[in-house]
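Enquirer: Shown below is the structure under consideration.
The values are calculated or read from the model by the stated rules, or taken from the named source; none is laboratory data. Worth saying up front: this structure is predicted, and the values here are computed from it rather than measured. Methodologically, a virtual Cβ is constructed for each residue, glycine included, from the backbone with ideal geometry; neighbour enumeration extends over all protein chains shown. Side chains included, ligands, DNA and RNA excluded: accessible areas come from the protein's heavy atoms. Shrake-Rupley method; radii C 1.70, N 1.55, O 1.52, S 1.80 Å.
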Amino acid sequence: MEDIRALNRRLVAASYASDGAYYRWALRSGVTEHTLSLLYALDDGLPHSQKQISEEWGIPKTTVNTVVKACREAGYLRLDAMPGQPRERQVCLTEEGHAYAARVLEELYRAEDAAMAEAVSRFGPGFVEALECFSRHMRAALEGPPGKSEKEGSDPHENPII
């Protein structure tokens, strides 16, 4: 069996390749990657706040706000009051927004369905649970309390390359 570092490299490379495919798909569809993510999140028909979308999709709150504002101005979204949460607004697709999302997402969904069918036929539905488990643990590890070097005063952003 491969060592854990090699497995991590394979998984991260596959993840980046998949993310890149979504990014390129968004560009070919004439939307930004964050607009694609927002449309995808909202296309499930469930209520979502901007905060929920930010947390679930890993998009900065300011970016979600910018995309929501642009889509709202284009007539694709409306903001409704969220029951029991007076400060939060539910982001909802308008009728025009549903039609727009359907146009943007239709071919993407077909590609995803084909890829998922192949993966499930080879590895079973448990592979999705495995990815979710990995993601939860990575998020907890990387977004949890600061590591030892930060406690000692070391700034990990002190000498950024870019």
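Enquirer: Given the structure, is GLU118 surrounded by 11 or more Cβ atoms within 10 Å (Cβ to Cβ), acidic (Asp, Glu), out of contact with any strand residue (DSSP E or B) (no Cβ under 9 Å at 6 or more places or on another chain) and assigned to a helix (DSSP H, G or I)? Before the answer, list the steps.
Expert: Values: surrounded by 11 or more Cβ atoms within 10 Å (Cβ to Cβ): no; acidic (Asp, Glu): yes; out of contact with any strand residue (DSSP E or B) (no Cβ under 9 Å at 6 or more places or on another chain): yes; assigned to a helix (DSSP H, G or I): yes.
No.
Enquirer: Name the single residue that is least open to solvent (accessible area, probe 1.4 Å) among those in segment 25-56 being hydrophobic (A, V, I, L, M, F, W, C) and in a loop (DSSP other than H, G, I, E, B). Quick ask: steps written out before the conclusion?
Expert: The first filter runs over segment 25-56 and keeps only residues hydrophobic (A, V, I, L, M, F, W, C), leaving 25-27, 31, 36, 38-39, 41-42, 46, 53.
Among the residues that remain, those that are also in a loop (DSSP other than H, G, I, E, B) are: 31, 46.
Working: VAL31: 11, LEU46: 106 Å².
Once the filter is applied, the top-ranked residue is VAL31.
Enquirer: Within segment 79-102, can you find the residues that are surrounded by 12 or more Cβ atoms within 10 Å (Cβ to Cβ), closer than 24 Å to LEU27 by Cα and charged (D, E, K, R)?
Expert: If the condition is that a residue be surrounded by 12 or more Cβ atoms within 10 Å (Cβ to Cβ), closer than 24 Å to LEU27 by Cα and charged (D, E, K, R), then GLU96 is the only one that fits.
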